[in-house]
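The values are calculated or read from the model by the stated rules, or taken from the named source; none is laboratory data. A quick note: this is a predicted structure, and the numbers were derived from the prediction, not measured. Cβ sites come from the backbone with ideal geometry, for glycine too, and all protein chains shown count toward neighbours.
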Amino acid sequence: MTILEAWAAFFRAAAENLDLFGLIGLGFGFATGLMPRRRLILLSSAACSACFSLHFFRLGSPTGMAMNLIGVVQCFLAAQFVTERGRPAWLDVVFAGTFLLATVLTLMTWNGLPSVFAGVATLVSTAARLQGSPQTMRLLLISSGLGWAIHNVLVGSVCGLTCDCLGLISFTLALLREHGANRRLAASLA
């Protein structure tokens, strides 16, 4: 097999897993990491999760679909009720419920290792969405993105894996951007 034939075989295999929902989700996923404020991060993430729930349904990954649907709900709640000053006590109860729901749905939709990584990534994302600080949220979402990347390799989601890789890059760039801005501010105050 020549290199050209190998690339052609790769692209044929990848094309089977490309769909409109995955491609749109990919766009939202990359944009999410670049958003400057936590509310925008959460709203863009909700749109990304909605698209990927449909993408994973199509690929036959019920755990991935369920975890993304939980993510949509969590993102909207966190965008509305979590601030840097805190969050209402009832929201902790709701998020604990979604945490338990994620655990139950992971077991109910069990698909082996893909379910493990989708479930763990969702639990880390749950913690991220409760953060008032955009920087802390980004760090946790990077950790979650690593879990989703492994899930997406296992289920063959080219869109999902690409989105995870771009998300990891964009969240890292946003972390570095904020770190540089904080250093410049500290230097100007000194």
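What to note about this one:
- Tally, over the stretch 51-74, of residues that are closer than 17 Å to residue 99 by Cα, buried (at least 24 other Cβ atoms within 10 Å of the Cβ) and at pLDDT 90 or above: 5
Conditions tested, residue by residue: (1) among the polar types (S, T, N, Q); (2) within 26 Å of residue 36 (Cα to Cα).
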position: 77; (1), (2): no, yes
position: 90; (1), (2): no, no
position: 94; (1), (2): no, no
position: 99; (1), (2): no, no
position: 103; (1), (2): yes, no
position: 136; (1), (2): yes, yes
position: 139; (1), (2): no, yes
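- Residue that is farthest from residue 51 (Cα to Cα), among those in the stretch 154-184 that are buried (at least 16 other Cβ atoms within 10 Å of the Cβ) and of a type in the set (A, V, I, L, M): 175
Residue by residue, here is whether (1) over 23 Å from residue 80 (Cα atoms); (2) of a type in the set (Gly, Ala, Ser) holds:
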position: 107; (1), (2): yes, no
position: 110; (1), (2): yes, no
position: 118; (1), (2): yes, yes
position: 124; (1), (2): no, no
position: 134; (1), (2): no, no
position: 142; (1), (2): no, no
position: 152; (1), (2): yes, no
position: 156; (1), (2): yes, yes
position: 162; (1), (2): yes, no
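- Residue in the stretch 152-170 that is farther than 28 Å from residue 110 by Cα and out of contact with any Lys or Arg (no Cβ under 9 Å at 6 or more places or on another chain) present: yes
- Those residues of the stretch 1-29 which are within 18 Å of residue 149 (Cβ to Cβ), surrounded by fewer than 19 Cβ atoms within 10 Å (Cβ to Cβ) and either among the polar types (S, T, N, Q) or modelled with pLDDT of 80 or more (or both), in sequence order: 17, 23, 27
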